[in-house]
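The values are calculated or read from the model by the stated rules, or taken from the named source; none is laboratory data. Since we're looking at a predicted model, the values are computed, not measured. Quick reminder, even Gly has a Cβ in these numbers, built from the backbone with ideal geometry, and neighbours come from all protein chains shown. Protein only, heavy atoms only, side chains kept; ligands, DNA and RNA dropped before computing areas. Shrake-Rupley method; radii C 1.70, N 1.55, O 1.52, S 1.80 Å.
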Amino acid sequence: MLGRVNHIAIAVSDLAAATATYRDTLGARVSQSQALPEHGVTVVFVELPNTKVELLEPLGENSPIAAFLEKNPSGGMHHICYEVEDILAARDQLKAAGARVLGDGNPKIGAHGKPVLFLHPKDFNGTLVELEQV
Ligand code: CO
């Protein structure tokens with residue numbers, strides 16, 4: 001079911017500072033920031049040779065990463081995103097196996113314009129998993 005790691009996401013409280021760390025201290029190529037109101041985050045992508053790191057800052061009142069940052073004020077690894085070929089087939093197979101899909105269970109359009117779903121961290125070793133159809 002799983003393909004490549006599409007990205008690893010890190011929640012941050014100060015996106016500009018985190019972007020500067022990756023760009024200036026680590027010398028990485030970084031994207032422009034992108035506001036995603038439907039997901040309650042603003043994102044910057046760090047482009048690496050084999051994958052991407054997604055820096056996430058809360059956006060709006062009910063950001064899904066606000067509680068995470070309260071528990072982890074200096075930021076932390078938030079989720080890992082795996083690529084799948086058919087997100088609806090993957091969802092149905094995972095649900096049949098007892099895994100919980102977050103939200104209403106229907107894919108949303110993610111930061112790359114592709115359908116994404118999130119899976120409950122308790123079903124995946126304490127790690128929030130994002131699936132992205134590629
Ligand atoms: Co993501």
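Listed values, structure above:
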{"read-out": "Filtered residue count, the stretch 101-134, keeping only those that are under 21 Å from ALA66 (Cβ atoms), of a type in the set (D, E, K, R) and in contact with a strand residue (DSSP E or B) (Cβ under 8 Å, 6 or more places away or on another chain)", "value": "2"}
{"read-out": "From the options LEU94, LEU117, residue that is more than 13 Å from the ligand (Cβ to nearest atom), touching a helix residue (DSSP H, G or I) at 6+ places or on another chain (Cβ under 9 Å), over 18 Å from ALA11 (Cβ atoms) and not polar (S, T, N, Q)", "value": "LEU94"}
{"read-out": "From the options GLU132, GLU54, residue that is buried (at least 19 other Cβ atoms within 10 Å of the Cβ), touching a residue at least 24 places away in the same chain (Cβ under 8 Å), touching a His at 6+ places or on another chain (Cβ under 6 Å) and among the acidic types (Asp, Glu)", "value": "GLU54"}
{"read-out": "Pairs with Cβ under 8 Å, 6+ apart, first in the stretch 104-115 and closer than 11 Å to ILE87 by Cα, second open to solvent by 50 Å² or more (accessible area, probe 1.4 Å) and among the hydrophobic types (A, V, I, L, M, F, W, C)", "value": "PRO107/LEU88; LYS114/VAL134; PRO115/ILE109"}
{"read-out": "Selected residue (only one of ARG91, ARG100 is touching a Gly at 6+ places or on another chain (Cβ under 8 Å) and surrounded by 14 or more Cβ atoms within 10 Å (Cβ to Cβ))", "value": "ARG91"}
